[in-house]
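Structure first, then comments.
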Amino acid sequence: MDRPKYKRVVLKLSGEALAGQHGNSIDPSVISSIAEQIEEIVALQVEVAIVVGGGNIWRGIAGSAKGMDRATADYMGMLATVINALALQDALENAGVPTRVQSSIEMRQVAEPYIRRRAIRHLEKGRVVIFAAGTGNPYFSTDTTAALRAAEIEADVILMAKNKVDGVYSEDPKVNPNAVKYEELTYMEMLNRGLGVMDSTASSLCMDNNIPLIVFNVDKRENIKRAVCGEVIGTVVRGNE
């Protein structure tokens, strides 16, 4: 039987990861596959919280770049994450996994309000908690949300699931095929080299709270489980000690 290395994890899913090859909207087959992988680690009694992005539907920063008010564009992006969270909840429930969506923007008809102690209690009861609507504030990314929620619920690790990328590289491997893949980095090295894995706010939060980060490719089946069980996949980013 597989033995998990981590007891409580935050899984960071980009919106693009839910879109599959389409690049936008939601691919039902992809989201079902991700739900099945999550079900496998829940069966190992791992407590799973998920932060989902909304880039497959709307990117606030893209709207801002075209002249839209930045705060308004960001709020629209937060609502996009709620759509993804509900789709993921449905897929998880269909896989037999009890799930709760907690939103930083109150919308009681579709999600619970985010309450830290309630979220922790859900995790302790074996429910997957999906954190939606970012931090509830404009100008903050869902990477920052993942770092903040991981610190709040005292998660052991953040699993950053990427599509089409299997770790952190010195350059974009699609542009430069000679780019070097890093197996391990510190947050300070990541920031100093401008690698762009997470924004500086998220990286600083993880560094200050000593939360390790594993960046890996979610397109490969069982990679979530492999990461949870401590297999060396992708890139591990650690604190400076």
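Couple of notes before you dig in:
- Under 11 Å, Cβ to Cβ, from Arg59 - net charge with Lys/Arg +1 and Asp/Glu -1: -1
- Spatially, the range 1-56 and the range 80-157 are offset by 13 Å when compared through their Cα centroids.
- Taking the charge dipole of the range 33-118 about its Cα centre, with +1 at Lys and Arg Cβ atoms and -1 at Asp and Glu Cβ atoms, the residue from Gln37, Ala80, Ile105 reaching farthest to the positive side is Ile105.
- Percent antiparallel among DSSP beta bridges (both partners in the range 103-240, rounded to 5): 35
- Sorted on the mean count of surrounding Cβ atoms within 10 Å across their residues, most packed first, peptides 192-199, 175-182 read 192-199, 175-182.
- Length gained on full extension, Ser204 to Glu189, computed as 0.36 nm times the residue gap minus the Cα-Cα distance: 4.2 nm.
- With the highest mean first, a sort of the peptides 105-111, 75-81, 217-223 on other beta-carbon atoms found within 10 angstrom per residue produces 75-81, 217-223, 105-111.
- Charged-residue dipole, Cβ positions (Lys, Arg, Asp, Glu), the range 1-150 about Cα centre, Debye nearest 20: 640
- Spatially close Lys pairs in the chain, defined by Cα atoms under 25 Å apart and a spacing of eight or more places or different chains, total 28.
- Distance in nm between pseudo-label sites at Asn217 and Arg118 (7 Å out along the Cβ direction from Cα): 4.0
- Model label zone, Met68; criterion: amide N under 12 Å from point 7 Å along Cα-to-beta-carbon; scope the range 129-155: none
- Given in Å, the Rg to one decimal and the Dmax to the nearest whole number for the Cα atoms of the chain are 16.7, 54.
- If you run the Gaussian network model on the chain, springs between alpha carbon atoms under 10 Å, then out of Leu13, Leu123, Leu44 the most flexible one is Leu44.
- Most mobile of Glu184, Glu112, Glu171 in a GNM of the chain (Cα contacts under 10 Å): Glu171
- Taking the chain and dividing mean pair separation by its residue count, relative contact order in percent (alpha carbons under 8 Å, at least six apart): 23
- For a label point 7 Å along the Cα-to-beta-carbon line of Asp90, residues of the range 30-56 with backbone N under 20 Å: 30-39, 50-56
- Expressed to the nearest 5 percent, the antiparallel share of DSSP beta bridges inside the chain is 15 percent.
Read-outs: derived from the displayed coordinates by stated rules, not from any lab. Everything quoted here is computed from the prediction, not taken from an experiment. Neighbour counts run over all protein chains shown; Cβ positions are idealised from the backbone, glycine included.
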